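For reference, the structure discussed in these notes is given below.
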Amino acid sequence: MSELAAFALLGDVLVRATPLILAGLAVAVAFQGGVLNIGAEGQLLIGACTSTAVSLKLGSSLGPVAIVVALIIGMLAGALWAAIAAELTNRFHVLEVISTIMLNFVALYLISFLVRGPLQEPTKIYPQTSTIAPSAQLPVILEGTRLHIGFILAIAAGLLAWWGVRNTAAGFRLRLTGANPRAARIAGMINVERTTRNVFLISGALAGLAGAIEVHGVTFALYENISPGYGYTAIAVALLAGLNPAWVIASGILFGALEAGASALQRDAGVPSTLVWVVEAAVILIVLGTESYRSRRSRRFVAPELAPAQGAS
């Protein structure tokens, strides 16, 4: 592989890692707060959809501010989409696993309707929108590659989430609610329902930002299947990182490398790209197996120490 090709492949890896990092953060933060948000895919799609619609509507009228507005709209849309599941959970005790999965399909078919109807490009030939204005496109930060500034935003979001979860009162409430919501409620110091709702909103905003960045940094238009399952892969990214936002950055880059490598393998060596799914699944199984082994070993180590104390009492 030439130096130029290796340089381009590195850029492709980081581009693919960007939505995985943000969606992985969405899953990790939610899981730490005790919310099993399986709906990062739908929140990502809604973020991509709304930010595209706003960018197309505004055109180049806002100049450089257009991209900021588009990203904020994507975040808000993702948060509002997650708020639906939050209300279903808090008011009607609907399992978030069910509601968020169902909302994924609603988002998927909503985009299919929009790109074949109200948002379809003027010629009405292709099921996609028009290209957004150049002023609403994220700038490239590494010449000769597609790497855009969205990667920097993803890194910043990961570090901010890591710091916020560990060092703020809100982060403490999140971790305590996730560790034992019943104890948090009985203690009376934490409004568990409000904390759960906030976790949903933050998680949805991160996933929505991932969708907005994908459109404004990579595709520049909205079309069906714009996400190859980033929201679902993000679950593996978060689990591999141990739900630690800082480690999600490294985990996201690893999965980005696997995704980018799949295309190269299929193109250059004729190896089916689906082999990467096997590798990803194997990585997750190894991590989970190692964690299970450590947990069992820890219990065996502690039990003999506790036995005399229990007998004495």
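Listing for the model above:
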{"quantity": "Pairs, first open to solvent by 30 Å² or more (accessible area, probe 1.4 Å) in region 224-249, second not in a helix (DSSP H, G or I) and not hydroxyl-bearing (S, T, Y), C-beta under 6 Å, six or more apart", "calculated": "E224/P127; W247/A241"}
{"quantity": "Pairs, first at positive phi in region 43-63, second part of a helix (DSSP H, G or I) and among the aliphatic types (A, V, I, L, M), C-beta under 9 Å, six or more apart", "calculated": "G59/A66; G59/A136"}
{"quantity": "Matching helices (runs of 4 or more DSSP H) fully within region 77-190 where at least 2 residues are in contact (Cβ under 8 Å) with a residue 40 or more places away in the chain", "calculated": "96-115, 150-167, 169-179"}
{"quantity": "Region 191-211 - residue that is free of Cβ contacts under 8 Å to residues at least 24 places away in the same chain and part of a helix (DSSP H, G or I) and, of those, surrounded by the fewest Cβ atoms within 10 Å (Cβ to Cβ)", "calculated": "R194"}
{"quantity": "Residue check for G217: in a helix (DSSP H, G or I), modelled with pLDDT of 90 or more, surrounded by 18 or more Cβ atoms within 10 Å (Cβ to Cβ) and touching a His at 6+ places or on another chain (Cβ under 6 Å)", "calculated": "yes"}
{"quantity": "Residue in region 42-60 that is crowded, with 24+ Cβ neighbours inside 10 Å and either more than 13 Å from G211 (Cβ to Cβ) or charged (D, E, K, R) (or both) present", "calculated": "no"}
{"quantity": "Region 162-180: number of residues that are open to solvent by 60 Å² or more (accessible area, probe 1.4 Å) and not aliphatic (A, V, I, L, M)", "calculated": "8"}
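The values are calculated or read from the model by the stated rules, or taken from the named source; none is laboratory data. In this text the structure is predicted, and so the values were computed from the model without any measurement. Note: ideal-geometry Cβ built from the backbone for every residue, glycine included; neighbour counts use all protein chains shown. Just so you know, the surface numbers come from the protein's heavy atoms only, side chains and all, with ligands and any DNA or RNA stripped out. Shrake-Rupley method; radii C 1.70, N 1.55, O 1.52, S 1.80 Å.
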